[in-house]
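Below: the structure, in structure tokens.
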Amino acid sequence: MKVQGAWIEDAATQVVCDALTSQGFQTLFVGGCVRNALLGVDVSDIDIATDATPEDVVECARLAGLKSIPTGIDHGTITVVSAGIPHELTTFRSDTETDGRHAKVRFSKSILEDAARRDFTMNAIYADPAGFVVDPLNGMPDLNARHVRFIGDAEARIREDYLRSLRFFRFTAWYGDPGLGIDPDGLAAVAANLDGLEGLSRERVGSELKKLMTAANPAMAVAAMRSSGVLHAVLPSADDRALGPLIHLEQRLNIAPDPIRRLSALTTSDAAKKLRLSKLESKRWAVLRDEVETTKPAAHLGYLHGSNTAKDVLLLRSAFLEMPINEEAIQESNKGETALFPIKAKDLPHLSGRALGEALTTLEQRWIASGFTLSRDELLA
């Protein structure tokens, strides 16, 4: 079995490999780049495992004229930049002590030890610089079956880092076979370790849930999160009943997944705080949740928030009500976005201050109610 793709053949990447192999060290691609390449999915990040120590990696990079950055040197990770492309090189290691969030590590010369400390079997598949697969834990059958399975004792893997409970659902949504369902041993292990989720930072939880929500169809994984108790542990107000209908509407209208739109279908009160959303994300989430409960027409929504937000509101309303979406209303939102209120403050020279503001608001409301049809003269008459 051989990994192929432009990313592994890129001269910039091969230069990084040569920098270490020329000094007698092993270099093996691992994790997402190998997994995705074997699944025919786009590769975004390049991770390399090596028996070189971090200090060795830095020296090899220097000799090759490459820039190195000590991004996670305590855990053995050095980023080596070649032709502007970052490559994360991590020394073979094993975890000697964990607290569910952080680990103390021991560097190793053993690929078996390095593989055993990873999360899922499909993430412990390696490939040499020529692309030939190295599979120390026999993860290929699981990858071929799209079976997301913990390495070894699932509960032990989770207790090493409780974020793995959330990653289990994300990877199932992204890479699992829906016909196979969710791994029962993994699900039982997650359900038995809910208490550990309390110690995770809101940023890490939020990041995982947003990644989950960008999967093509995360509804099954989210339902499993609910049944196992994970969903309410991280989002107490969550209700996933509208998520499936929302995804159905998105797919029917060929609308790309959006994590904030989908989170808006899940939770009513605590997403921004519980998930530590950015200010921009929090504002957008609040607008969607507020407008879903109004009866503003599509054009009005488009005028206030832009057509994209208006479409999101229309999708969410239909999903919550489990009703078909009015596709004509989507076109109306575009009309609202381009509408220009014809009245300016200078058109009301006899008014000022609060009276002027109130008059402009009243006229704008009349104009919106008319479907943006009243002209300047008609409004001022």
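Just one of the numbered conditions (1) more than 18 Å from the chain's Cα centre (by Cα); (2) not assigned by TED's automatic domain parsing to the domain that holds ARG261 is not true of ARG241: (2). Might you check whether a residue that is of a type in the set (A, V, I, L, M) and either over 25 Å from VAL205 (Cα atoms) or not in a strand (DSSP E or B) (or both) occurs anywhere in the stretch 95-108? For the stretch 95-108, residues of a type in the set (A, V, I, L, M) and either over 25 Å from VAL205 (Cα atoms) or not in a strand (DSSP E or B) (or both): absent. State whether one or more residues within the stretch 57-75 are surrounded by fewer than 16 Cβ atoms within 10 Å (Cβ to Cβ), in contact (Cβ under 8 Å) with a residue 40 or more places away in the chain and of a type outside the set (A, V, I, L, M, F, W, C). No: the stretch 57-75 contains no residue that is surrounded by fewer than 16 Cβ atoms within 10 Å (Cβ to Cβ), in contact (Cβ under 8 Å) with a residue 40 or more places away in the chain and of a type outside the set (A, V, I, L, M, F, W, C). In this structure, is LEU266 over 16 Å from the mean Cα position of the chain (by Cα) and either at negative phi or among the basic types (Lys, Arg) (or both)? Here the answer is no, as LEU266 does not meet what is asked. Here is a check on your reading of the model: is LEU374 in contact with a helix residue (DSSP H, G or I) (Cβ under 9 Å, 6 or more places away or on another chain), of a type in the set (A, V, I, L, M, F, W, C) and at pLDDT 90 or above? So LEU374 passes the test.
Looking at GLY186, GLY196, just one residue is part of a helix (DSSP H, G or I), over 23 Å from GLU281 (Cβ atoms) and in contact with a helix residue (DSSP H, G or I) (Cβ under 6 Å, 6 or more places away or on another chain), and that residue is GLY186.
Specify which of the listed residues (ALA145, ALA154) is small (Gly, Ala, Ser) and in contact with a Gly (Cβ under 7 Å, 6 or more places away or on another chain). Of ALA145, ALA154, the one residue that is small (Gly, Ala, Ser) and in contact with a Gly (Cβ under 7 Å, 6 or more places away or on another chain) is ALA154. Among residues of the stretch 270-283 that are in contact (Cβ under 8 Å) with a residue 60 or more places away in the chain, those with a Cβ under 6 angstrom from a residue that is exposed (fewer than 13 other Cβ atoms within 10 Å of the Cβ), sequence gap 6+ or separate chain, pair up as ARG276/GLU203. When SER68 is tested against (1) in contact with a helix residue (DSSP H, G or I) (Cβ under 7 Å, 6 or more places away or on another chain); (2) not in a strand (DSSP E or B), just one condition goes unmet, and that condition is (2).
Here the condition is being outside any helix (DSSP H, G or I), touching a residue at least 24 places away in the same chain (Cβ under 8 Å) and among the β-branched types (Val, Ile, Thr); of THR79, THR90, THR13, it holds for THR90 alone. Residues in the stretch 153-167 that are out of contact with any Ser or Thr (no Cβ under 9 Å at 6 or more places or on another chain) and either assigned by TED's automatic domain parsing to the domain that holds GLN26 or free of Cβ contacts under 8 Å to residues at least 40 places away in the same chain (or both): 5 in all. A Cβ distance below 7 Å, combined with a sequence gap of six or more or placement on separate chains, defines the contacts here; from the stretch 201-212, residues that are under 13 Å from LYS273 (Cβ atoms) reach residues that are of a type outside the set (Lys, Arg) and buried (at least 16 other Cβ atoms within 10 Å of the Cβ) in the pairs ARG202/LEU275; VAL205/LEU166; VAL205/VAL234; VAL205/LEU275; GLY206/LEU275; GLY206/LEU277. Looking across the stretch 324-347, the residues that are in a loop (DSSP other than H, G, I, E, B) and closer than 27 Å to LEU379 by Cα come down to ALA339, LEU340, PHE341, PRO342, ILE343, LYS344.
If you take the residues in the stretch 1-39 that are under 28 Å from the mean Cα position of the chain (by Cα) and of a type in the set (S, T, N, Q), which one is surrounded by the fewest Cβ atoms within 10 Å (Cβ to Cβ)? Among those residues, the one meeting the criterion is GLN4. Contact annotation: residue pairs with Cβ atoms under 6 Å, 6 or more positions apart or on different chains, pairing a residue in the stretch 221-240 that is free of Cβ contacts under 8 Å to residues at least 60 places away in the same chain with a partner that is of a type in the set (Lys, Arg) and in a helix (DSSP H, G or I), are LEU235/LYS274; ASP240/ARG226. GLY65 falls short on exactly one of the conditions (1) at pLDDT 95 or above; (2) closer than 26 Å to MET122 by Cβ, and that condition is (2).
The set of residues in the stretch 295-323 being assigned to a loop (DSSP other than H, G, I, E, B) and free of Cβ contacts under 8 Å to residues at least 24 places away in the same chain consists of THR295, LYS296, MET323.
The values are calculated or read from the model by the stated rules, or taken from the named source; none is laboratory data. Values in this document were obtained by computation on a predicted structure and should not be read as measured data. Cβ coordinates were reconstructed from backbone atoms using ideal geometry, including for glycine residues, and neighbour counts include every protein chain displayed.
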